[in-house]
Amino acid sequence: MGSSSIRELLGLGYWVQGFRCFPWLAVNFFLKDGLSVDSSTLQLLQNSANLPMVAKPLYGVISDAVYISGQHRIPYIAIGTLLQAISWLGIALLSPSSTSMLTLSLYLLLGNLGASLAEVANDAIVAEAGKSSSLSSSSSSELQSFVWIASSAGGAIGNLLGGIALSNFSPQTMFLFFAIVSSLQFLITISVRERSLDLPKRASNSGITKQLLQLSAALRKPEIARPIAWLAASYAIIPALTGTMFYYQTQHLKINSSVLGISKVFGQAAMLTWSVVYNHRLKSIPARKLIAAIQTTMALLMASDVLFVRGVYRNMGVPDSLYVVVFSGLLEVLYFFKLLPFNIVMAQLCPPGCEGSLMALVASAVALSFIISGYLGIALVSFVGVTGDDFSRLPRGLLIQALCTMVPVYWASCIPDGKKLAEKKE
């Protein structure tokens with residue numbers, strides 16, 4: 001019964017988490033076409049809106065330590081979904097002609113705060129369920145794959161519908177639709193009682209101070225601290241050029257929204273395939289080797305983007321739209337491929353009692369790294385001299401990006417060997 005309830009709750013939570021790409025796709029076009037912002041401003045707003053994600057360890061500590069009506073996961077999921085519903089409803093009701101960047105930013109920050117709370121609680125449930133005596137190591141891995149599949153499915157549907165909706169509806173309509181989805185998730189979540197999840201029993205209201213001490217003790221262990229530091233550095237060191245590539249594809253190549261939507265659907269389908277293949281074929285491969293291979297593949301695809309911008313593939317007869325759908329869609333999600341094996345390793349290493357705190361710290365480190373990556377990307381674009389009307393120097397920026405991506409491969413020894421972990425656990 002507990003396993004069934006967990007899968008239903010997490011399936012919905014991670015599906016909506018993936019479906020968040022639906023309103024965010026509309027945000028990109030709303031900023032570009034509605035507010036006429038440049039690529040650097042768009043990327044700056046995108047990354048700054050993720051600031052609430054950085055505080056995930058705090059939400060995790062509170063979730064671990066502070067119980068609400070005898071529960072410490074469900075209430076935080078409910079609060080998070082409610083904040084998202086309020087945020088996107090507020091954006092939907094804004095008048096396009098009078099919308100200010102400040103007002104929009106505040107609503108986006110509120111929405112990401114809600115998403116952070118819900119994600120922390122969901123991740124903690126996954127980590128706790130993985131430590132349940134009723135679940136084997138294999139079942140724990142299957143649960144990780146299940147939530148990954150749910151998130152990927154939500155992302156695929158969100159991007160597919162988003163590409164279609166952008167051609168037929170206003171961004172405000174898309175914001176309103178997601179507000180309704182979040183409201184439905186809120187109503188379903190508050191109908192679930194946490195005891196039905198059959199999570200491992202633990203003392204309630206353990207205290208925030210005690211929880212912080214447990215988290216601090218966990219981070220003093222090199223086998224936990226070093227992998228988290230490597231993961232964060234592997235993202236932060238890459239200058240993100242997402243805003244520039246978005247403008248290059250839509251302004252310079254005149255690729256329409258439906259193609260971008262299909263590109264993102266292809267990426268989500270790749271994530272879905274990755275989770276299935278990993279669960280059935282690749283989970284026996286040491287995480288260190290797998291993650292290093294993913295990082296190298298990312299660098300190769302970035303180098304391929306250099307040829308794409310130079311028109312090499314176009315001269316070979318490959319349409320720009322086909323490249324964007326396949327290669328750009330794959331590169332966008334490759335960033336997240338290494339999180340699946342990494343999270344499984346961290347769930348095995350996580351000490352009992354601080355599952356929410358530690359998994360939230362991992363998510364926070366990734367969020368902060370993406371923000372730093374985005375700011376570095378803005379600096380790189382300025383350094384190489386790319387503007388909204390001149391993309392001639394973009395290949396140089398892409399080449400620098402590819403070289404930066406290869407640097408963390410040399411530090412891959414910081415990631416624990418999966419086989420050694422299994423032997424240690426036995």
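Quick look at the values:
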item	result
Restricting region 387-423 to residues that are in contact with a Leu (Cβ under 8 Å, 6 or more places away or on another chain) and at pLDDT below 90, the residue that is surrounded by the fewest Cβ atoms within 10 Å (Cβ to Cβ)	Leu421
Selected residue [in contact (Cβ under 8 Å) with a residue 60 or more places away in the chain and closer than 30 Å to Ala127 by Cβ] from Leu272, Leu290, Leu282, Leu253	Leu272
Unique match (being in contact (Cβ under 8 Å) with a residue 12 or more places away in the chain, open to solvent by less than 40 Å² (accessible area, probe 1.4 Å) and small (Gly, Ala, Ser)) among Ser258, Ser304, Ser321	Ser304
Members of region 392-408 found to be in contact (Cβ under 8 Å) with a residue 24 or more places away in the chain and either under 29 Å from Leu51 (Cβ atoms) or hydroxyl-bearing (Ser, Thr, Tyr) (or both), listed by number	Leu394, Gly397, Leu398, Ile400, Gln401, Ala402, Leu403, Cys404, Thr405, Met406, Val407, Pro408
Subset tally (residues that are part of a helix (DSSP H, G or I) and either farther than 20 Å from Leu290 by Cα or among the β-branched types (Val, Ile, Thr) (or both)) for region 328-362	13
Ser152 over 20 Å from Leu58 (Cβ atoms), more than 24 Å from the chain's Cα centre (by Cα), at pLDDT below 90 and part of a helix (DSSP H, G or I)	no
Residue that is in contact with a Phe, Trp or Tyr (Cβ under 9 Å, 6 or more places away or on another chain) and crowded, with 20+ Cβ neighbours inside 10 Å, where the choices are Ala233, Ala240	Ala240
Qualifying residue in region 208-226 (condition: over 25 Å from the mean Cα position of the chain (by Cα), surrounded by 14 or more Cβ atoms within 10 Å (Cβ to Cβ), among the β-branched types (Val, Ile, Thr) and in a helix (DSSP H, G or I))	yes
Verdict on Phe342 being over 13 Å from the mean Cα position of the chain (by Cα) and buried (at least 22 other Cβ atoms within 10 Å of the Cβ)	yes
Failed item in (1) hydroxyl-bearing (Ser, Thr, Tyr); (2) modelled with pLDDT under 90; (3) within 20 Å of Ser357 (Cβ to Cβ), with Thr41 passing the rest	(3)
Any chance Gly267 is of a type outside the set (Phe, Trp, Tyr), closer than 30 Å to Ala129 by Cβ and part of a helix (DSSP H, G or I)	yes
Failed item in (1) of a type outside the set (Lys, Arg); (2) at pLDDT 85 or above; (3) not in a helix (DSSP H, G or I), with Phe146 passing the rest	(3)
Residue among Val312, Val333 that is over 26 Å from Phe370 (Cβ atoms) and either at pLDDT 95 or above or surrounded by 18 or more Cβ atoms within 10 Å (Cβ to Cβ) (or both)	Val312
Qualifying residue in region 307-317 (condition: part of a loop (DSSP other than H, G, I, E, B) and of a type in the set (Ser, Thr, Tyr))	no
Tally of residues being modelled with pLDDT under 90, hydrophobic (A, V, I, L, M, F, W, C) and not in a loop (DSSP other than H, G, I, E, B) across region 168-198	1
Residue in region 263-289 that is surrounded by the fewest Cβ atoms within 10 Å (Cβ to Cβ), counting only those that are hydrophobic (A, V, I, L, M, F, W, C) and under 19 Å from the mean Cα position of the chain (by Cα)	Val276
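The values are calculated or read from the model by the stated rules, or taken from the named source; none is laboratory data. All figures in this text were calculated on a predicted structure; none of them were measured in a lab. Note: ideal-geometry Cβ built from the backbone for every residue, glycine included; neighbour counts use all protein chains shown. To get the accessible areas, we keep the full protein, side chains included, count just its heavy atoms, and leave off ligands, DNA and RNA. Shrake-Rupley method; radii C 1.70, N 1.55, O 1.52, S 1.80 Å.
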